Amino acid sequence: SYVCQGKSALAALRTGWGNNDIFLGIKGGTPAAAHCHMDAGSFVMDAQDVRWAMDYGGGTKTGTSTWDSYNFTNMAHNTLIINGNKQIVNGYAPVEIGVDTPDRKSVTVNLTSLYANDVTSLIRTGAIVSNRYVEIKDSVKAGPNQLTVRWNMVTRAFPTQISKKIIMLTQATQKLYLIFEGTDQVTSKNWS
């Protein structure tokens with residue numbers, strides 16, 4: 001397990017170095033730093049020698065030779081969008097090791113200051129559990145207003161809705177299941 005603080009804080013967890021091992025990287029930090037995006041809380045994930053959760057990297061060129069600023073916001077990263085709002089530029093999300101045992105490796109990212117206009121607390125935990133699966137857990141405490149939370153994941157995989165709370169991703173010959181817990185209302189959408 002590896003954790004690095006600073007303006008672009010991040011953590012990396014892995015089960016090993018082979019093709020079938022699991023890798024999970026999670027980003028914290030601040031969007032205010034030079035060349036940073038509104039991507040705190042974003043994660044990348046590899047398993048079965050497949051990149052399931054990815055990051056676009058930089059922006060994309062448009063026909064007017066300017067960079068598409070949408071790709072720099074939390075709308076285009078593997079993080080949360082609350083009430084349709086962008087992350088607060090001057091916020092900071094520290095990354096800390098949670099657990100580092102043979103059965104569970106986890107880190108926490110305190111995203112509260114990046115979403116302070118909508119929440120009183122927001123903690124994202126990323127974990128590799130039993131060397132078998134990845135768990136992304138978001139603990140959100142709302143302020144006085146109701147929240148609409150969008151959980152984003154950028155992937156090359158093809159999604160299929162299996163049930164109200166299960167989405168199957170297919171990439172090459174491999175399959176990965178997204179299982180949503182802790183909420184009664186999940187609506188899935190995908191964009192190309």
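The values are calculated or read from the model by the stated rules, or taken from the named source; none is laboratory data. Everything numeric here is computed off the predicted structure, so don't read it as measured data. All Cβ positions, glycine included, derive from the backbone under ideal geometry; neighbour counts span all protein chains shown. In case anyone asks, the SASA skips ligands and DNA or RNA and just uses the protein heavy atoms, side chains included. Shrake-Rupley method; radii C 1.70, N 1.55, O 1.52, S 1.80 Å.
Side notes on the structure shown:
- The length gained on full extension between Ile123 and Trp191, counted as 0.36 nm times the residue separation minus their Cα-Cα distance, comes to 21.8 nm.
- In this structure the range 103-192 gives 65 Å² per residue of accessible area when probed at 1.4 Å with all protein chains present.
- Within the chain: Cβ-based charge dipole about Cα centre, in debye rounded to nearest 20 (Lys, Arg +1; Asp, Glu -1): 240
- Rounded percent of accessible protein surface that carbon and sulfur make up, the chain, 1.4 Å probe: 51
- Taking the range 111-136 and a reference point 7 angstrom along Cα→Cβ of Ser1, the backbone N atoms nearer than 16 Å belong to 124-136.
- For a label point 7 Å along the Cα-to-beta-carbon line of Asn90, residues of the range 122-155 with backbone N under 12 Å: none
- Surface calculation, 1.4 Å probe, protein heavy atoms: Tyr56 sits at approximately 130 Å² accessible.
- Assigned charges on the beta-carbon of Lys, Arg, Asp, Glu; the range 79-190 dipole about Cα centre (debye): 360
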